[in-house]
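The values are calculated or read from the model by the stated rules, or taken from the named source; none is laboratory data. Note that the coordinates shown come from a computational prediction; the quantities given were computed from them, not determined experimentally. Note that each Cβ is placed from the backbone with ideal geometry, even for glycine, and that neighbours are counted across all protein chains shown.
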Amino acid sequence: MKAPSAPLRAGFTLLESIIALAMIGAVAGACLQVRAQGLAGRQRLTVRQRTDRAIDTILRLAQSGLLVGGQPERNEQGQTTRITWTGEHLGEPFTCERERISVANPIENAGDESFPGTITMWKWTVEIRGEVAEVFTPVRGAR
């Protein structure tokens, strides 16, 4: 005589279904979190790019002489040593400053008769949206 065989199962048990749904939910939650982080990163990058473009625009306007209302400071010889501009760019307040500085000459043989030991540079500083950028350009005709 044969022993009765176990009946064939045709579906999933309730426990198997709950485990499968929990796993799908965990994967979906992880995917949504990665997506949210990507969107936040893209937003931060967009804000940073806007700030960089604003700094570049303000700097170019100042260097080309198109910013008005600068407050100059002069030394005893009457040379302008610093100019400060304040204003708004696209609704954001900014400060731009140009300062005359002397730096060591980067040329190797500086200090002999053909090359001065120091050179005069303009130090441009732009501040907008809490970000600060500095750029250095030579002063034309200065030694």
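Some observations on this one:
- Restricting attention to the range 83-108, the residues that are over 16 Å from ARG53 (Cβ atoms) and either small (Gly, Ala, Ser) or under 26 Å from the mean Cα position of the chain (by Cα) (or both) add up to 14.
- Among the conditions (1) touching a Pro at 6+ places or on another chain (Cβ under 6 Å); (2) surrounded by fewer than 13 Cβ atoms within 10 Å (Cβ to Cβ); (3) at pLDDT 90 or above, the only one that ILE83 does not satisfy is (2).
- Among the residues of this structure, ARG60 does not count as one that is under 17 Å from the mean Cα position of the chain (by Cα) and not small (Gly, Ala, Ser).
- Scope the range 63-75; condition in contact (Cβ under 8 Å) with a residue 12 or more places away in the chain and polar (S, T, N, Q); matching residues: GLN63, GLN71
- Criterion (among the charged types (D, E, K, R), closer than 19 Å to VAL135 by Cα and either surrounded by 16 or more Cβ atoms within 10 Å (Cβ to Cβ) or in contact (Cβ under 8 Å) with a residue 12 or more places away in the chain (or both)) met by exactly one of ARG100, ARG53, ARG60: ARG100
- Search result, residues across the range 80-97 that are within 18 Å of THR120 (Cα to Cα) and in contact (Cβ under 8 Å) with a residue 40 or more places away in the chain: none
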